[in-house]
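Student: One structure, as structure tokens, below. Some questions next.
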Amino acid sequence: MFCVMNRVPVAPEWREAFEERFRKRAGQVELQAGFVRMAVLRPTSDETPYVVETLWQDQGAFEAWIGSEDFKQAHANPLPKEAYNGEGKIETFDVVVSADASL
């Protein structure tokens, strides 16, 4: 599996708007081939960025998503520059070990 972590430094006064964009997001990443999971992680301190984690079956599936029309639609009309406390950072990982609770 392939994991993408997008670290987004959101100004405190813009947190609700940032989260709402994900609740009402335009794209349908869940329908993309090779998509496994997405999580939006809210920081517990103002100094820590949000983390948007997506998990894919492989790197090719992620690359297909970022080249898709759905990706372009999902990232259209971004929040204004003042919504962010600096530059974001994207990190990618190959998943070596993963565990889930048995439900």
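The values are calculated or read from the model by the stated rules, or taken from the named source; none is laboratory data. For clarity, every value in this text was computed on a predicted model and none was experimentally measured. Here the Cβ positions follow ideal geometry from the backbone for every residue, glycine too, while neighbour counts run over all protein chains shown.
Student: Output the residues belonging to segment 56-82 that are in contact with a strand residue (DSSP E or B) (Cβ under 8 Å, 6 or more places away or on another chain) and at pLDDT below 90.
Tutor: Those that are in contact with a strand residue (DSSP E or B) (Cβ under 8 Å, 6 or more places away or on another chain) and at pLDDT below 90: none in segment 56-82.
Student: Turning to a different aspect of this structure: Could you run through segment 62-82 and say how many residues are closer than 20 Å to GLU19 by Cβ and exposed (fewer than 12 other Cβ atoms within 10 Å of the Cβ)?
Tutor: Total meeting the criteria: 6.
Student: To continue, here is another question. Considering only segment 83-99, I want to know if a residue exists there that is surrounded by fewer than 16 Cβ atoms within 10 Å (Cβ to Cβ), touching a Phe, Trp or Tyr at 6+ places or on another chain (Cβ under 9 Å) and aromatic (Phe, Trp, Tyr).
Tutor: Yes, segment 83-99 contains a residue that is surrounded by fewer than 16 Cβ atoms within 10 Å (Cβ to Cβ), touching a Phe, Trp or Tyr at 6+ places or on another chain (Cβ under 9 Å) and aromatic (Phe, Trp, Tyr).
Student: Let me ask something additional. Assess whether GLU82 counts as being part of a helix (DSSP H, G or I), in contact (Cβ under 8 Å) with a residue 12 or more places away in the chain and not hydrophobic (A, V, I, L, M, F, W, C).
Tutor: Against the criterion (part of a helix (DSSP H, G or I), in contact (Cβ under 8 Å) with a residue 12 or more places away in the chain and not hydrophobic (A, V, I, L, M, F, W, C)), GLU82 qualifies.
Student: Looking at segment 72-103 only, could you name the residues that are more than 16 Å from MET5 (Cα to Cα) and either charged (D, E, K, R) or in contact with a helix residue (DSSP H, G or I) (Cβ under 8 Å, 6 or more places away or on another chain) (or both)?
Tutor: Listed by number, the residues that qualify are LYS72, ALA74, LEU79, LYS81, GLU82, ALA83, TYR84, ASP100.
Student: Where in segment 1-74 are there strands (runs of 3 or more DSSP E), lying wholly inside it, with at least 1 residues that are without any contact (Cβ under 8 Å) to a residue 40 or more places away in the chain and over 18 Å from GLY86 (Cβ atoms)? It would help to see each step written out before you state the result.
Tutor: On the way: elements: 2-8, 35-41, 50-56.
Ranges flagged: 35-41.
Student: Oh, and also: Tell me, please, whether a residue that is of a type outside the set (Lys, Arg), modelled with pLDDT under 90 and closer than 18 Å to ASN6 by Cβ can be found in segment 48-55.
Tutor: Within segment 48-55, none of the residues are of a type outside the set (Lys, Arg), modelled with pLDDT under 90 and closer than 18 Å to ASN6 by Cβ.
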